[in-house]
Amino acid sequence: MKLPAVVAVTTMLASCGYHVSGRGDPMPKTLKTIAIPSFGNLTTRYKLAERLPAALTREFISRTRYQVVADPNDADALLQGTVVSYNAYPTVFDPATGRAAGVQVIVILQLKMVERATNRVLYQRDTFEARARYEISVDQVAFFDEGSAALDRMALEVSRTVVSSLLENF
């Protein structure tokens, strides 16, 4: 009685498109090189737009078979991006001073990867949302700007998510 049930479940899983994550590469086989030019920035915050291409380059080099090249003319594909909005607002206040002690950052990005030979869009996210939180010291003597480290963490997380999305075609 149990064996037919196992066979039925196995057959259903095999036929429904189920696959193990990390095993597929939906990118064209002709794709060997990728260029990640500087990101555009529609905000007044410049640091994240500078950090994202570097973080994406490191992620592509460490996790994929693709070579990242500096010159877009030498690349098979271009990964382009723009920081569309940057919002930071306090989430926690120090009860003694009334000053902000925690900040939430929300960034909206536009991302697109295009195959140069065919101009085919391989990946596109018009409203990629990234979030980060950080704390602010209420002691002015011991103040350390955690915002820069939060942007580094955000760039790393965005690069991991984008590369995973490209490799899994989600």
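Could you figure out which of (1) modelled with pLDDT of 90 or more; (2) of a type outside the set (Lys, Arg); (3) crowded, with 19+ Cβ neighbours inside 10 Å; (4) within 20 Å of residue 161 (Cβ to Cβ) isn't true of residue 68?
Of (1) modelled with pLDDT of 90 or more; (2) of a type outside the set (Lys, Arg); (3) crowded, with 19+ Cβ neighbours inside 10 Å; (4) within 20 Å of residue 161 (Cβ to Cβ), only one is false for residue 68: (3).
Hey, residue 59 hits all of (1) surrounded by fewer than 12 Cβ atoms within 10 Å (Cβ to Cβ); (2) within 16 Å of residue 152 (Cα to Cα) but one; which does it fall short on?
(1)
Has region 40-63 got any residue that is in contact with an Asp or Glu (Cβ under 9 Å, 6 or more places away or on another chain) and part of a loop (DSSP other than H, G, I, E, B)?
Within region 40-63 (the criterion being in contact with an Asp or Glu (Cβ under 9 Å, 6 or more places away or on another chain) and part of a loop (DSSP other than H, G, I, E, B)), the answer is no, since none of the residues qualifies.
Just need a number here: residues in region 99-131 that are modelled with pLDDT under 85 and either within 27 Å of residue 62 (Cβ to Cβ) or part of a loop (DSSP other than H, G, I, E, B) (or both).
1
The values are calculated or read from the model by the stated rules, or taken from the named source; none is laboratory data. Everything quoted here is computed from the prediction, not taken from an experiment. In this analysis, Cβ positions are derived from the backbone assuming ideal geometry, glycine residues included, and neighbour counts consider all displayed protein chains.
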